[in-house]
Amino acid sequence: MDVLRVAAEGSAKPTHIIYRSNTSWTVLHKNLEALLASGFMLQSGECSRTRYTITEKGREVLYDYARLMDRTTAGPAEVLP
């Protein structure tokens, strides 16, 4: 989710994503493969000009994740009807 969040904030270059999501190149590469295959991100350019953008589907997942995190961090009184 950090990779999607960083891409949604406008960081499109792999090195920017690595630093802002606090991950390694190996982990980022695996995450990007999964995100691209799922249709959550798009890749453009090649080699040193590679850029990544989040898709609408990716934005929806990021939004749903944020809502889920808000609900799971709520106190017990807020969760129970």
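Derivation of every value follows stated rules applied to the coordinates shown; laboratory data play no part. In this text the structure is predicted, and so the values were computed from the model without any measurement. Positions of Cβ are generated from backbone atoms using ideal geometry, with glycine treated the same way; all protein chains shown enter the neighbour counts.
Residues with amide H under 5 Å of T55's amide H, sequence separation 5 or more or different chain, H placed in the peptide plane at 1.01 Å from N; which?
Placed amide hydrogens put M41, L42 under 5 Å from T55.
Compute the semi-axes of the equivalent ellipsoid of the chain, taking the square root of 5 times each eigenvalue of the Cα gyration tensor, and list them largest first in whole Å.
Gyration-tensor ellipsoid for the chain: 29, 13, 10 Å.
Per DSSP H run of n ≥ 4, the term is -39500 (n - 2.57); total these for the chain, divide by its residue number, and report the mean residue ellipticity at 222 nm rounded to 500 deg cm²/dmol.
Computed ellipticity for the chain at 222 nm equals -18000 deg cm²/dmol.
Could you list T15, T26 so that the one with the fewest beta carbons within 10 Å of its beta carbon is first and the one with the most is last?
By the 10 Å Cβ count, ascending, the order reads T26, T15.
Rounded to whole Hz and in sequence order, give me ³J(HN,Hα) for region 39-48 from the Karplus expression 6.51 cos²θ - 1.76 cosθ + 1.60, θ = phi - 60°, writing x for Gly and Pro.
x, 8, 9, 10, 10, 9, x, 9, 6, 6
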